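Step one of this worksheet: look at the structure below.
What follows is calculated from the coordinates using simple rules that are stated; it is not laboratory data. This one's a predicted model, so the numbers in the text were calculated from it and none came from an experiment. All Cβ positions, glycine included, derive from the backbone under ideal geometry; neighbour counts span all protein chains shown.
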């Protein structure tokens, strides 16, 4: 079930098995050392590009092209960040992305938790069949819906509006699945008491079920928010006015504005700024994010 | 997200009683419950018809029409498919999509498995490693693309600077026909290895320690333990990653759109970028829809194929 809050602590005690302690532990130490070496080398590859981005964002344009390159900037150029805010509408793009991502996330949380509640705790004819069919829709690749969805948005007159970015996104089969799996494990007694007191189902959902579902709500919120925040293809198709651009679009536009002598120091500053919010969100909610992956990948 | 349609058997009493009453036999209370049950599903049901089922049907219809948005779609029967299958660029793009998907997925899985095995050791710093390897996956694809554009820059790029130190004159990477796609695939490994790793880690944690203990008692060496315990027990996770990654890779768009625009000489144009170009740049909506159908069919064949073949190697694969 989805509820178990297992974190991925390395807890396996393989080494302790059945052999004599002394030689085993020194063998383990050598093994650990090798593992650390490989993993550390890999880590440099993984974070290297980011470190390079951060360091360059503080350099002068002159220093960027200097050979050999410097990792620590000669002098910290905070002004790059000011210039980015002055020359681009980065602040605006962040605001736009925030608005769209939050709206979709709230919508998905509401519709998925309602549907999850219904699928897990109410009884009605065809319930499990409908659920299975709904799960099946997750197999439909989004790319094939691109053109008809665009045509649909056009008939609604939603091109270049946030309706097109928000409304089709506020339901999620995966979110419903996640909610249902979690809610199935909530003990019946919890709602029975409220039910005897004469509470309506909607009230039970709101005052009993939702409060105990906080972990899975956090998981779904993080996944949805990050997904919408990173989305590029759909906004590119829908949005026309530059002042409505989301952050990925705005950043792409800023980067493509300089065909020749690219001001890498400014572009790196803008990129750093765009990565930070999502990185903080991920670090803060890492536990819930991992839980979502575990639920989907292993218990789906 | 998940492609698996198996629902875990409900183990709780709440859902275990899954009655199938007929409407006429239901009590007033049960009817009320049923009505509320459907009502709570309403947003999902409406969205299913408006934003999924409807567009799906429309996509099939458009595939057989000539549609440029200004005039209503004109039915042209199989013309789009005829044009597509006799078009060299289409086959090139089709092949390149496979090149991308199969360049990405198997290597990512092997790398991720190795990483997961290393990180699953009982030692210091594993949580930090887990975070570090996962960061690229959660980064904005635009930001990642910008950084990698720079890494691959022929003159001031990081990679060629490094190669310069050891006296190698680095290639033009993204600007060269031969190296463009491999460069993108390399970046793809970097971006996606963390996700697979995380799933494998979770899978490794779920293998009961007793299995290994018993194997050690029986004198199995580490290699035997890996092939006869770790791999079979991890096979459902591997299967999941394989299916979802292939589906995702066939639909790759961001890096191609941001880093190469499909160039040079179309060698990095893949299906979705081609669909985007035809539909939204040349306004050939019908043709693009026909191409989307081919993509859909390709993905379905691969998914179902993996499903059928899964019986042979995925542990506990029922259904």
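Across the Cα atoms of chain B, what radius of gyration and what greatest pairwise Cα-Cα distance (Dmax) are found, in Å?
For chain B, the Cα radius of gyration and maximum Cα-Cα distance read 24.8, 84 Å.
Please order A:74, B:213, A:231 by the number of other Cβ within 10 Å, starting at the fewest.
So the ranking, lowest neighbour count to highest, is A:74, B:213, A:231.
With the alpha-carbon atoms as the only input, what is the per residue convex hull volume for the protein assembly as shown in Å³?
With only Cα atoms used, the protein assembly as shown gives 190 Å³ per residue.
Once Rh for the stretch A:21-82 is found with the Kirkwood sum over Cα pairs, what is the Stokes-Einstein diffusion coefficient at 10 °C and 1.306 mPa s, in µm²/s?
D = 110 µm²/s.
If you consider only alpha-carbon coordinates, what radius of gyration and Dmax does the stretch A:73-169 have, in Å?
20.9, 71
Which whole-number percent gives the relative contact order of chain A, counting Cα pairs below 8 Å spaced six or more residues apart?
The normalised contact order for chain A reaches 32 percent.
Within 10 Å of each Cβ of B:125-138, how many other protein chain Cβ atoms are there on average?
For peptide B:125-138, the averaged partner shielding equals 6.
Using a Gaussian network for chain B with springs between C-alpha atoms less than 10 Å apart, which of these wobbles most: B:221, B:120, B:176?
Answer for the Gaussian network model of chain B: B:221.
What length, rounded to one decimal in nm, is gained on full extension from residue B:122 through to residue B:86, with 0.36 nm per residue of separation minus their alpha-carbon distance?
7.2 nm
Can you give the mean number of other chain Cβ atoms that lie within 10 Å of the Cβ atoms in peptide A:147-156?
Taking the mean over all residues of the peptide, I get 6.
What ranking, highest mean first, results for peptides A:243-250, B:103-110 when packing means the other Cβ atoms within 10 Å averaged over each residue?
So the peptides A:243-250, B:103-110, ranked by packing, come out A:243-250, B:103-110.
Using the per-residue mean of other Cβ atoms lying within 10 Å as a proxy for protection, in what order, highest first, do the peptides B:189-198, A:119-128 fall?
So the order, starting with the most tightly packed, is B:189-198, A:119-128.
Take the alpha carbon atoms of the stretch B:263-284, find their center, do the same for the stretch A:154-195, and report the distance between the two centers in whole angstrom.
34
Write down the Kirkwood hydrodynamic radius of chain A, to one decimal in angstroms, obtained as one divided by the mean of 1/r over all alpha carbon pairs.
Hydrodynamic radius (Kirkwood, Cα only) of chain A equals 23.3 Å.
Quick one: check the C-alpha center-to-center distance for the stretch A:217-270 versus the stretch B:50-116, whole angstrom.
When both Cα centres are located, 25 Å separates them.
From the helices alone, meaning DSSP H stretches of at least four residues, give me the mean residue ellipticity at 222 nm for the protein assembly as shown, per-run term -39500 (n - 2.57), in deg cm²/dmol to the nearest 500.
Helix-only estimate at 222 nm: -20500 deg cm²/dmol.
Do you know the relative contact order of chain B, to the nearest whole percent, from alpha carbon pairs under 8 angstrom that are 6+ apart?
Reported relative contact order: 26 percent.
May I ask you to compute the full-extension gain from residue A:243 to residue A:89, defined as 0.36 nm times their residue separation minus their alpha-carbon distance, rounded to one decimal in nm?
Extra length from residue A:243 to residue A:89 when fully extended: 54.7 nm.
In the stretch A:53-75, which residues have a backbone nitrogen under 12 Å from the label point lying 7 Å from residue B:165's Cα in the Cα-to-Cβ direction?
A:68-71, by backbone N distance to the label point.
What is the extension gain from residue B:77 to residue B:25, computed as 0.36 nm multiplied by their sequence separation minus the C-alpha to C-alpha distance, in nm to one decimal?
13.7 nm
Applying a 10 Å radius around every beta-carbon, put B:285-295, A:152-162, B:200-210 in order of their mean neighbour count, most first.
Result, highest mean Cβ count within 10 Å first: B:285-295, B:200-210, A:152-162.
Just counting partner chain Cβ atoms within 10 Å, what average do the residues of peptide A:174-185 show around their Cβ?
Going residue by residue through A:174-185 and averaging, the value is 3.
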